[in-house]
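Data block below; observations after.
The values are calculated or read from the model by the stated rules, or taken from the named source; none is laboratory data. Quantities reported herein were computed from a predicted structural model and do not represent experimental measurements. Here the Cβ is made from the backbone with ideal geometry for all residues, glycine too, and neighbour counts use every protein chain on show. Remember, those area values only see protein heavy atoms, side chains included, never the ligands or the DNA or RNA. Shrake-Rupley method; radii C 1.70, N 1.55, O 1.52, S 1.80 Å.
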Amino acid sequence: MKMQIVRAKDPEEAGRLAADVFAAVIQAKPACVLGLATGSTPLPLYRELIARNARGELDFSGVRTANLDEYVGLAPDHPQSYRRFMQENLFDHINIRPENTIVPDGLAADISAMCQAYEQKIAAWGGIDLQLLGIGHDGHIGFNEPGDAFLVPTHRTVLTEMTRTANARFFASENDVPTSAVTMGIGTIMAARKIVMIVTGRDKAEILRRAVCEPVRPRVQASILQLHPDVTLICDEAAAERLPQRNV
Ligand code: PGA
């Protein structure tokens, strides 16, 4: 296994360390393709990228981005859509070109055609150079939920109760959380040349241990990352509590 584990003292430091990896990739390849994620975990990273862009240290003018997932049924400007999340937490504050950012279309009339077109766009861009991931309490990456298989391409998925409960904090009630989503597949994610996974908080310590230390299996989708040749896991002290002391 090639997983490099980087320990940060808190989520802010994890965000800064992840920003260093992003900066290195962007500086080496100004027209790189970044795979991006939503949720609470990437927020310190996005704040740091915005700050570095504002200071003139990081240029996004050539960067392309593809997001991991989107809720089915939410319009791009819906307050809880992931397109809107990306606009508000990153894109509106950096010098990225709008046409260089893609997020799956949760309103597509033909979801499977949209999924295929999404894959084709990423391929036309030359594939993902750096993919950012968080992890769900059920071990999901993107919205690849626990199951009997690893689904390879971008696809529609039904959200687990655990995921809908976790994400209810952003909605008026759990009933308002969409029941399905579109997500990059495990194959899409594993094809990224480099992966950075950020995990923060004690509530993620046990699922992180299972993903990193137990055998690869689709019940814990993140465990597939053990097979990727270039994963950097950046975790804070709380999330790292149950990990071995050395790299795995
Ligand atoms: P979170 O979500 O960052 O809001 O905890 C992570 C995920 O569900 O992948």
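Some notes on this structure:
- Bridge type composition, the chain - antiparallel percent by DSSP, nearest 5: 30 percent
- Cα→Cβ-extended label distance, 7 Å offset, between Gln27 and His137, nm: 3.9 nm
- For the stretch 27-90, the carbon plus sulfur part of the accessible surface works out to 53%, probe radius 1.4 Å.
- Unit charges at the beta carbon, dipole of the chain: most positive-side option, His93, Tyr82, Ile50: Ile50
- When only alpha carbons are used to place a centre, the stretch 219-248 and the stretch 101-118 end up 30 Å from one another.
- Stretch gain in nm, segment Gln245-Cys213, where the contour uses 0.36 nm per residue and the Cα spacing is subtracted: 10.3 nm
- As computed over the stretch 143-248, the Cα convex hull volume per residue (Å³): 105 Å³
- A simple spin-label model places pseudo-atoms 7 Å from Cα toward Cβ; at His78 and Thr165 they are separated by 2.2 nm.
- Local net charge near Pro153, Cβ-Cβ under 14 Å (Lys/Arg +1, Asp/Glu -1): 0
- Lysine pairs with alpha-carbon atoms under 25 Å apart, the chain, spacing 8 or more or separate chains: 9
- By DSSP, the beta bridges lying fully in the stretch 101-248 are antiparallel in about 40 percent of cases.
- By accessible area with a 1.4 Å probe, ligands and nucleic acids excluded, highest first: order of Lys9, Lys29: Lys9, Lys29
- Charge tally in the Cβ shell below 15 Å around Met86, where Lys, Arg are +1 and Asp, Glu are -1, Met86 excluded: -2
- Student exercise, the chain dipole from Lys, Arg, Asp, Glu Cβ charges, in Debye to nearest 20: 640 debye
- Potential lengthening of the chain between Ala238 and Asp59 amounts to 61.2 nm, from the contour at 0.36 nm per residue minus the alpha-carbon distance.
- Heavy-atom accessible surface of the stretch 104-174, averaged per residue, reaches 46 Å², computed with a 1.4 Å probe.
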